[in-house]
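Colleague: This is the structure I have questions about; it appears just below.
The values are calculated or read from the model by the stated rules, or taken from the named source; none is laboratory data. Small disclaimer: the values here were computed from a predicted structure and weren't measured. Positions of Cβ are backbone-derived with ideal geometry, glycine not excepted, and every protein chain shown enters the neighbour counts. The accessibility values were calculated without ligands, DNA or RNA, using every heavy atom of the protein model including side chains. Shrake-Rupley method; radii C 1.70, N 1.55, O 1.52, S 1.80 Å.
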Amino acid sequence: MSIKDNILPRISIEVTEKIIHIKNGFYTHLRNLILSQKDRIRTLSVLVLVNFVIMGFGFLTRVKIANMLGKEGFGMLAYGLALGTFGGVAVRFGMDRTLVRDLIHHRDRFGELVAGSVLLRGAIFFFVLFGILFWKALPNYNNNLSWAIITIFIARCLLSLDLQSVYDTWQKMERHAMYNLVQRCLYFAIIWTVVIISPEKFSINLIAAALLVTAFLYLIMQHQWAWRQIIFNKTTKSVMKTALSMGSQNFIIFLAALGGLFIGSLNQLVLKHFCGAAELGGYAAAWTITSLAMALLSQVSRIGLPAIARVTRQDTGRAERIYFLFTYSAVMFMMAASIGIPVFFFPELILRTIFSPEYISVAGIMRIMSIYIIIYSIAIVSSQYVVAARMERLYFFNVILGGCLSVILCYILIPKFFGLGAVFSLLIAHGLTIALNLIGMIKHLKAC
């Protein structure tokens, strides 16, 4: 037997053993990774399951509402929801961005911070409520501000008094998700009961009442459990002083949040003003698909937010931060692409399948929105990091710059291009803010 005949089998055996060793090592590493992240995987699974149910029923319900109300009626509903979004942001006062960070960074002041946040948001809620009622009383502005619109506005503002940040900090996201599930299922039950039994009574007034009732239920469920778990230290400061301090500290974030609304919601108000409720109704139908993707991404980001707060602590190294951000961004991007890519290539088919024929004309708007879905996934990661790393001034500058650009684009593009102008103003303005946040994040990582 030649030397060649002896060497080749030996090499083949060695290569096979190395392949088996690498394969076993890969599976061992994968198993260890899964076991180390089992709590997060379980939380993510619950959130995805619950929100799959909510988004599924929510999507079907919203489509049914759009088809029953028609473009104009659906546009008025979208108008009320857009106004409510502005009110909700005012009530939150930036604490949806900062409260998780503060609770994690200052655990010794947990009860004090929670109580202060609720007191501050409650005071703002009553101030906003007075403002909308005063607006209604003005004789020149009550044509489009019906009591149904005001009720929708109040319901959206009430949701901003929730304790989601507290549940997220406690890693009790599954419990909070169940409260959300109960609230949404009750809302769906009210809507579909009327649709099936008495469709002639279906109106925007019914929708407004359902939103208000379920918002109250949502707050009662989560507050009654959470307050029993919170321990207040004997050294707790005055809650009033804490609320005032949080208001001062969150003022920049609040202004930035308003700037974000100018990017994401102002275009809807301007679209209704220049083009009417029917045009806004078409835009809102396309936005229904986009909001489905955004809701999914937002739930995943609930797990990412506390994690980003932890990796931005001073004792965390650059390599660990980069690894986390890369993994987090990849997950968010893939989830966005799973919806954005089909929407980009098949907008007409999707609209024809789920909406009445009057909505087919917004296919072009929906195709542009699919691009926005993709970049929105990166926007969440970059903005969460910038805020968690306490770069509030940078965040404020970036969002305000994008908001100012959005105002200019809305008043230039919407009167000429209607719904397409609205979606292009959103894409361009938010794209600028995302780019600036990414630059700030990269510079901060290099300086770590």
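Colleague: Which whole-number percent gives the relative contact order of the chain, counting Cα pairs below 8 Å spaced six or more residues apart?
Modeller: Result for the chain is 22 percent.
Colleague: List the pair-distance distribution P(r) of the chain, using every Cα-Cα distance, as the percent of pairs falling in each 20 Å bin from 0 up to the bin containing the longest distance, rounded to whole percents.
Modeller: 22, 55, 17, 4, 1, 0
Colleague: Which of these, D162, D315, D108, has the largest mean-square fluctuation under a Gaussian network model of the chain (Cα springs below 10 Å)?
Modeller: For the chain, modelled as a Gaussian network with Cα springs under 10 Å, the answer is D315.
Colleague: Once phi is turned into ³J(HN,Hα) by the Karplus curve 6.51 cos²θ - 1.76 cosθ + 1.60 with θ = phi - 60°, what whole-Hz value does each residue of region 427-435 show in order, with x for glycine and proline?
Modeller: For region 427-435, the Karplus curve yields 5, 5, 5, 5, x, 5, 4, 4, 4 Hz.
Colleague: Compute log10 of I(q)/I(0) for region 329-448 with the Debye formula, placing one identical point scatterer on every Cα and leaving out solvent, at q = 0.13, 0.16 Å⁻¹, to two decimals.
Modeller: With no solvent term, the Cα-only Debye profile gives -0.61, -0.84.
Colleague: Within 10 Å, count the other beta carbons around each residue, average over each peptide in 176-184, 398-406, 52-60, and list them highest first.
Modeller: Ranking the peptides 176-184, 398-406, 52-60 by packing returns 398-406, 176-184, 52-60.
Colleague: Springs between alpha-carbon atoms under 10 Å, Gaussian network over the chain: tell me which of T85, T98, T193 tops the mean-square fluctuations.
Modeller: T193
Colleague: Roughly how many Å² of W135 are accessible to a 1.4 Å probe, to the nearest 10?
Modeller: Result for W135: roughly 80 Å² accessible.
Colleague: Here's a follow-up. Assigning unit charges at the beta carbon (Lys, Arg +1; Asp, Glu -1) and nothing else, what dipole magnitude in debye, to the nearest 20, does region 60-163 show about its Cα centre?
Modeller: 220
Colleague: Would you work out which of L159, N437, Q268 lies farthest towards the positive end of the dipole of the chain? Charges go on Cβ: Lys and Arg +1, Asp and Glu -1.
Modeller: So the residue furthest toward the plus end is N437.
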